[in-house]
1. Defining a contact as two alpha carbons under 8 Å apart and six or more residues distant in sequence, what relative contact order in percent does the chain show?
2. Hey, what angle do you get for helix 48-57 against the long axis of the chain, alpha-carbon based, 0 to 90 degrees rounded to 10?
3. If you take every residue apart from SER77 with its C-beta less than 10 Å away from the C-beta of SER77, what net charge results, scoring Lys and Arg +1 and Asp and Glu -1?
4. Let me check I've understood the local charge: for ALA3, count other residues with C-beta under 15 angstrom from its C-beta, Lys and Arg +1, Asp and Glu -1. What total comes out?
5. Tell me which of CYS90, ALA50, GLY78 sits at the most positive position along the dipole axis of region 6-105, charges placed on C-beta atoms (Lys, Arg +1; Asp, Glu -1).
6. Taking chymotrypsin sites (Phe, Trp or Tyr not before Pro) as candidate sites, keep only those in a DSSP loop with at most 15 other Cβ atoms within 10 Å, then name the longest stretch of the chain containing none of them.
7. Local charge sum around LEU128 (other residues, Cβ-Cβ under 9 Å, Lys/Arg +1, Asp/Glu -1)?
Amino acid sequence: MSALPPAEAHALEEGLAFAPRYDAQGLIVCVTVEAATRDVLMVAYMNELALAKTLETGIAHYWSRSRQSLWRKGDTSGQVQKVVSLEVDCDQDALLMTVEPGGDGKSCHTGRKSCFYRRVEGGATPRLVFRD
C-alpha cells in the first residue's frame, strides 16, 4: 500500500468512518482471538464480501487464499465463531476480531485450539518447539 496524504491519514487514524484498506489482492488480515481468554486462535484474511457477511450475520467469514473462495468458519467443522467485537488498527489495514468459538473450540484445522501451537527458538539454527 502506498503512503496516504496527511489529510487522508489523519481521517483514517482519528475519524469515525470505517474505511478498511484492502491490499493489492483485495484482502485485509484478520487476527481472531477468543473472548474468554484473549488467546490468539488464528490469522486469516477477509475480502470485502467476507467482511460484509461477518458484519451482517455476526458469524466469522473469511476468504480462503488457497481455495479462492468465501469460507464461513464452522461450516464443515462445527466450530462456528460468533463475533463479540471487531476492531480495526490505526490505518485500517488490519482487523482484530474477538469471538466465542463453537463446537469443541478447536479453531485450527490440525485439531488444536489455536493455530499458534509452536514457538520459534532462536540461535544459529532456529527451530520449532511445541507449546505446552
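Each value in this text was obtained by applying a stated rule to the coordinates, not by laboratory testing. Since the structure is predicted, the reported quantities are computational estimates derived from the model, not experimental observations. Positions of Cβ are generated from backbone atoms using ideal geometry, with glycine treated the same way; all protein chains shown enter the neighbour counts.
1. Result for the chain is 22 percent.
2. 70 degrees
3. Neighbour charge sum, excluding SER77 itself: 0.
4. -4
5. Checking the options against the dipole of region 6-105, the answer is GLY78.
6. Answer from the scan: 19-115.
7. So the environment of LEU128 carries a net charge of +2.
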